[in-house]
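Reading through the structure tokens given below for one structure.
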Amino acid sequence: MSNNAPVIEIYGAAIACASCVNAPSSKDTYEWLQAAIDRKYPNQAYTIRYVDIEAPIENERDKAWAERINDDEFFYPLVLINNEMIGEGYIQLKPVYAKLEALGFQA
């Protein structure tokens, strides 16, 4: 694996999006994704962060993603790995794992 640890970002809000009925909340998705990655890829470095799109955002990049979600360009939670959109709305593990493995993660 390269020396650069992937950055996984989850953009979301406390209330589930209208199109994501019965899906877990964005924060639950963040916690579930972190646990699933740690379980499948133990001891492999990555950074994971959660951005609440309804809270004040200082970072211009985060603000731009939040605006795109609020403008209905994307559903939330929105998952990015190294700034590439991996999933939105109802998140599945398979595309997340595929991207991590493409970046050198090994189960």
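Details
- Formal net charge of residues neighbouring Ala13 (Cβ-Cβ distance under 11 Å; K, R +1; D, E -1): -1
- Alpha-carbon radius of gyration plus Dmax, which is the widest Cα pair, for the chain in Å: 13.6, 39
- Solvent-accessible surface of the chain, taken per residue with a 1.4 Å probe and all protein chains present: 58 Å².
- Histogrammed with a bin width of 5 Å, the alpha carbon distances of region 44-90 distribute as 5, 19, 32, 27, 11, 5, 1, 0 percent, first bin at zero.
- Accessible heavy-atom area order of Val51, Val7, highest first, probe of 1.4 Å: Val7, Val51
- Remark: region 89-94, residue by residue, has Karplus-estimated 3J(HN,Hα) of x, 8, 7, 10, 6, 3 Hz, where x stands for each Gly or Pro and the curve is 6.51 cos²θ - 1.76 cosθ + 1.60 at θ = phi - 60°.
- Solvent exposure ordering (accessible area, 1.4 Å, most first) of Asp28, Asp52: Asp28, Asp52
The values are calculated or read from the model by the stated rules, or taken from the named source; none is laboratory data. Treat the numbers as computed from the prediction; the structure is a model and nothing was measured. For neighbour counting, all protein chains shown are included, and Cβ atoms are generated from backbone atoms with ideal geometry for every residue, glycine included. Surface accessibility is based on the protein's heavy atoms, side chains included, excluding ligands, DNA and RNA. Shrake-Rupley method; radii C 1.70, N 1.55, O 1.52, S 1.80 Å.
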